[in-house]
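Before any comments, here is the structure.
The values are calculated or read from the model by the stated rules, or taken from the named source; none is laboratory data. Given the structure is predicted, the values throughout are model-derived calculations rather than measurements. Positions of Cβ are generated from backbone atoms using ideal geometry, with glycine treated the same way; all protein chains shown enter the neighbour counts. To get the accessible areas, we keep the full protein, side chains included, count just its heavy atoms, and leave off ligands, DNA and RNA. Shrake-Rupley method; radii C 1.70, N 1.55, O 1.52, S 1.80 Å.
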Amino acid sequence: MPRILKVDPWNPEEEFIEEGAALLRAGRLVAFPTETVYGLGANGLDGRAVGRIFSAKGRPGDNPLILHFSAPEEAEGAAILTERARCLMDLFWPGPLTLVLPVREGIPPEVTAGLSTVAVRMPSHPVALALLARTGLPVAAPSANSSGRPSPTDAASVASDLGDRVDLILDGGSSSVGVESTVLDLTGPDMILLRPGGCPVEEIEARTGERVLLAGGSTNRSPGTRYRHYAPLVPLLIAGDEGVRERVSAHRGRVGWIGMASPETFFAPGIVPDEYAIRFSNPENYARGLFSALRTLEASGARLIAAEWPEEKGIGRALRDRLYRASRE
Ligand code: AMP
Ligand code: MG
């Protein structure tokens, strides 16, 4: 078991934050809560430390990492900020919005996967902010799960995936957003959405008065979107897709459900037993609980999980992306 320290999320204990910061400065890995999901952090200026993230997660080396900062000015040391980047930082930082910008010299290629750009974000979780401020370094941090698994939204999920491949877990409770950050490419004339996430596109458009373009063939622009990801250990099926009713019927009584509607909107009574149905009152709660619901159901004895396909608006866009990629076989 890794060392786990319970930290007060609203008033993080200084000695715990210092322990995490000292480990990061020494090139070790520290998992910490952010408002999106738990991050697996390493000193973003130390290529060897960043390399440990890839081995701990089993992450493909061509998938670049996001650098995290405790203040917008600090991102300036890693990325070349444009007027538009500053405006977005003013509007949305701290928060679940990641910006891809031209990289400055001195950022190790392990962070950028050798690209000429770098992704930067300032999270809003008080424990993340305290740790970043105390460390005084850019911290590279992907989600703290084994590559391909559902992202962790609590400390127990981190411990179960990474074991002692992580040197310390700061346990600050459950992540409030529950899905990863929105990733915007700002390197060209238009804002391009590389990954939908916790910051809805509609909100970015409304507050900037500019359009966000969807990356057609985003697969080439953002390496991470190429991979199957977020997948539970049992198959995940989208309710309403072709053939799903038949597959689900064959596992009557052993089918898990996640969604806002009742499973009986899609399936006959008895297909999904009550104890396997996890329901959410709205899309925000669906996003908050999605990954932990996948982990709960895969451990429950369910043979299949069926999920409701939400509307493509607001946080629903991120939910669709995660469900789609988790369900690819
Ligand atoms: P993760 O840290 O696993 O949540 O993933 C970070 C996401 O940001 C992945 O989809 C990466 O491909 C993407 N990303 C990070 N850096 C860059 C970059 N320089 N250019 C494009 N996408 C990036
Ligand atoms: Mg991830």
Of (1) open to solvent by less than 60 Å² (accessible area, probe 1.4 Å); (2) assigned to a loop (DSSP other than H, G, I, E, B); (3) of a type outside the set (A, V, I, L, M, F, W, C), SER281 satisfies every one except (1)
Meets criteria (part of a loop (DSSP other than H, G, I, E, B), within 20 Å of SER143 (Cβ to Cβ) and open to solvent by 50 Å² or more (accessible area, probe 1.4 Å)) for PRO123 = no
Within segment 161-192, restricting attention to residues that are on the phi > 0 side of the Ramachandran plot and surrounded by fewer than 24 Cβ atoms within 10 Å (Cβ to Cβ), which residue is nearest to ligand 2 (Cβ to nearest atom)?
-> GLY163
Count of segment 51-66 residues which are open to solvent by less than 50 Å² (accessible area, probe 1.4 Å) and away from ligand 2 (no atom under 15 Å from the Cβ) = 1
Could you list all residues from segment 87-128 that are closer than 14 Å to GLU74 by Cβ and away from ligand 2 (no atom under 16 Å from the Cβ)?
-> MET89, TRP93, PRO94, LEU99, LEU101, ARG104, GLY106, ILE107, VAL118, VAL120, MET122
ASP190 vs. criteria in contact with a Leu (Cβ under 7 Å, 6 or more places away or on another chain), touching a residue at least 24 places away in the same chain (Cβ under 8 Å) and more than 14 Å from PRO96 (Cβ to Cβ) = no
If we scan segment 294-302, do we find a residue that is touching a residue at least 60 places away in the same chain (Cβ under 8 Å) and among the acidic types (Asp, Glu)?
-> yes
Report whether or not THR117 is open to solvent by 20 Å² or more (accessible area, probe 1.4 Å) and within 15 Å of ligand 1 (Cβ to nearest atom).
-> yes
Which of the following residues is open to solvent by less than 30 Å² (accessible area, probe 1.4 Å) and away from ligand 2 (no atom under 16 Å from the Cβ): ALA250, ALA287, ALA215?
-> ALA215
Hits in segment 95-106 - residues which are part of a loop (DSSP other than H, G, I, E, B) and either among the small types (Gly, Ala, Ser) or surrounded by 21 or more Cβ atoms within 10 Å (Cβ to Cβ) (or both) | GLY95, PRO96, GLY106
Expected output for segment 195-217 (first residue within 21 Å of VAL179 (Cβ to Cβ), partner of a type in the set (Phe, Trp, Tyr) and open to solvent by less than 70 Å² (accessible area, probe 1.4 Å), Cβ below 9 Å, 6+ apart or cross-chain) is CYS199/PHE92; GLU203/PHE92; ILE204/PHE92; ARG207/PHE92
Give segment 126-153 a look and list any residue that's over 14 Å from PRO33 (Cα atoms), within 17 Å of the chain's Cα centre (by Cα) and either open to solvent by 10 Å² or more (accessible area, probe 1.4 Å) or among the acidic types (Asp, Glu) (or both), or say none.
-> SER146, SER147, GLY148, ARG149
Taking segment 1-45 and keeping residues within 16 Å of ligand 1 (Cβ to nearest atom) and of a type in the set (Val, Ile, Thr) leaves VAL30, THR34, THR36, VAL37
Which number in (1) more than 12 Å from ligand 1 (Cβ to nearest atom); (2) assigned to a loop (DSSP other than H, G, I, E, B); (3) surrounded by fewer than 24 Cβ atoms within 10 Å (Cβ to Cβ) marks the one condition that ALA156 misses?
-> (2)
For segment 72-83 the number of residues that are open to solvent by less than 30 Å² (accessible area, probe 1.4 Å) and in contact with a helix residue (DSSP H, G or I) (Cβ under 8 Å, 6 or more places away or on another chain) is 3
Subset of segment 305-327 (residues that are crowded, with 20+ Cβ neighbours inside 10 Å and within 22 Å of ARG247 (Cβ to Cβ)) | ILE305, ALA306, ALA307, GLU308, PRO310, LEU319, ARG322, LEU323, ALA326, SER327
Just one of (1) open to solvent by less than 10 Å² (accessible area, probe 1.4 Å); (2) part of a strand (DSSP E or B); (3) within 12 Å of ligand 1 (Cβ to nearest atom) trips up VAL111, so point out which.
-> (2)
